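Visitor: I'd like to ask some things about the structure below.
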Amino acid sequence: MDRSRRGLLGLPLALAMKHPVAQAAHQATSNLNELPANLPRPKDDGGARHLKGMAIPDLELPSTANRRVNLSKISAPRIVIYVYPMTGRPGRALPAGWDEIPGARGCTPETCGFRDHHKDLAKLHADVFGISTQSTEYQQEMVKRLEVPFEVLSDEQFAFTRAMKLPTFTVDGMTLMKRLTLVVRSARVEHVFYPVFPPDAHAEEVIAWLKKHPVVGSD
């Protein structure tokens with residue numbers, strides 16, 4: 001047994017729960033499908049101001065469907081691309097201070113929202129893709145566990161991030177994408193949601209926007 005755990009066992013319960021080891025264990029076992037109360041609201045730092053009207057880069061990204069996807073070549077009337085930092089895994093601790101980083105927590109509830117409204121988005125002529133900088137293998141575990149019906153793309157090499165100049169942040173030595181969503185039409189960004197909050201209700205927010213801005217001639 002290491003010193004940190006020996007020290008933890010020797011503390012009164014109230015103090016033990018504040019110990020870094022206990023906090024990490026609590027984070028690891030917390031419900032990733034739910035948002036903790038009082039999460040800090042992210043502010044618009046201008047990091048996505050340049051995106052509206054930009055062309056989607058002509059490049060391929062690996063997909064959880066074991067293929068490569070070029071988002072600039074998708075023929076759907078619209079594409080909804082939700083960009084997220086990182087989904088957690090049951091039994092694994094989240095990065096230190098994750099819940100205190102504005103906009104970091106909530107990738108699993110956001111993904112579940114798009115999963116649950118996938119058919120609604122399809123009726124609005126929108127294909128959905130998720131993008132993060134995790135590996136395809138990491139994303140495939142999440143897609144299988146959450147029964148996600150759409151493809152999630154890996155930008156592990158930051159090709160899409162650099163081409164679009166997407167905002168990022170760093171935690172625990174990892175560079176992660178800030179949460180945002182792009183509505184794409186004819187291979188150009190038509191609308192940007194940034195910042196996104198709360199993430200668990202974001203799919204409904206996207207649907208409301210799509211209903212207000214229908215693609216003429218798609219019905």
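Laboratory data are not the source of any read-out in this text; all were calculated from the coordinates shown. Since the model is a prediction, treat every value here as computed from it, not as a measurement. Positions of Cβ are generated from backbone atoms using ideal geometry, with glycine treated the same way; all protein chains shown enter the neighbour counts.
Visitor: What value, in deg cm²/dmol to 500, does the helix sum -39500 (n - 2.57) over DSSP H runs of n ≥ 4 give at 222 nm once divided by the residues of the chain?
Guide: It lands at -8000 deg cm²/dmol.
Visitor: Where in the stretch 142-165 does the label zone of ARG92 land, with the point 7 angstrom along Cα→C-beta and an amide N cut-off under 19 Å?
Guide: From the stretch 142-165, the list is 142-148, 152-158.
Visitor: Per residue of the stretch 175-184, in order, report the coupling 6.51 cos²θ - 1.76 cosθ + 1.60 (Karplus, θ = phi - 60°) as ³J(HN,Hα) in whole Hz, putting x for Gly and Pro.
Guide: 9, 10, 6, 6, 6, 7, 9, 10, 9, 10
Visitor: Then there's this: Taking the chain as a Gaussian network, Cα atoms linked when under 10 Å apart, which of THR111, THR168, THR181 shows the biggest mean-square fluctuation?
Guide: THR168
Visitor: Can you give me the relative contact order of the stretch 31-212 as a percent, contacts being Cα pairs under 8 Å and 6 or more apart?
Guide: 34 percent
Visitor: What does the charge count near PRO102 come to, summing +1 for each Lys or Arg and -1 for each Asp or Glu among other residues with Cβ under 12 Å from its Cβ?
Guide: +1
Visitor: Among DSSP beta bridges lying fully in the stretch 31-212, give the percent that are antiparallel, nearest 5.
Guide: 65 percent
Visitor: Let me ask something else. Summing Lys, Arg as +1 and Asp, Glu as -1, what charge do residues with Cβ under 14 Å from the Cβ of ILE131 carry, ILE131 excluded?
Guide: In short, -2.
Visitor: Same structure, new question: If the viscosity is 0.692 mPa s and the temperature 37 °C, what translational diffusion coefficient in µm²/s does Stokes-Einstein give for the chain when Rh comes from Kirkwood over Cα pairs?
Guide: Result for D is 178 µm²/s.
Visitor: Once you've got the GNM for the chain with C-alpha springs shorter than 10 Å, pick whichever of THR175, THR161, THR87 has the biggest mean-square fluctuation.
Guide: Checking each option, the largest mean-square fluctuation is seen for THR175.
Visitor: With +1 assigned to the C-beta of every Lys and Arg and -1 to the C-beta of every Asp and Glu, and no other charges, what is the dipole magnitude of the chain about the Cα centre in debye, to the nearest 20?
Guide: 220 debye
Visitor: Oh, and also: Counting only other residues whose beta carbon sits under 14 Å from that of GLU156, what net charge do I get with K and R as +1, D and E as -1?
Guide: Every neighbour counted, the sum reads -1.
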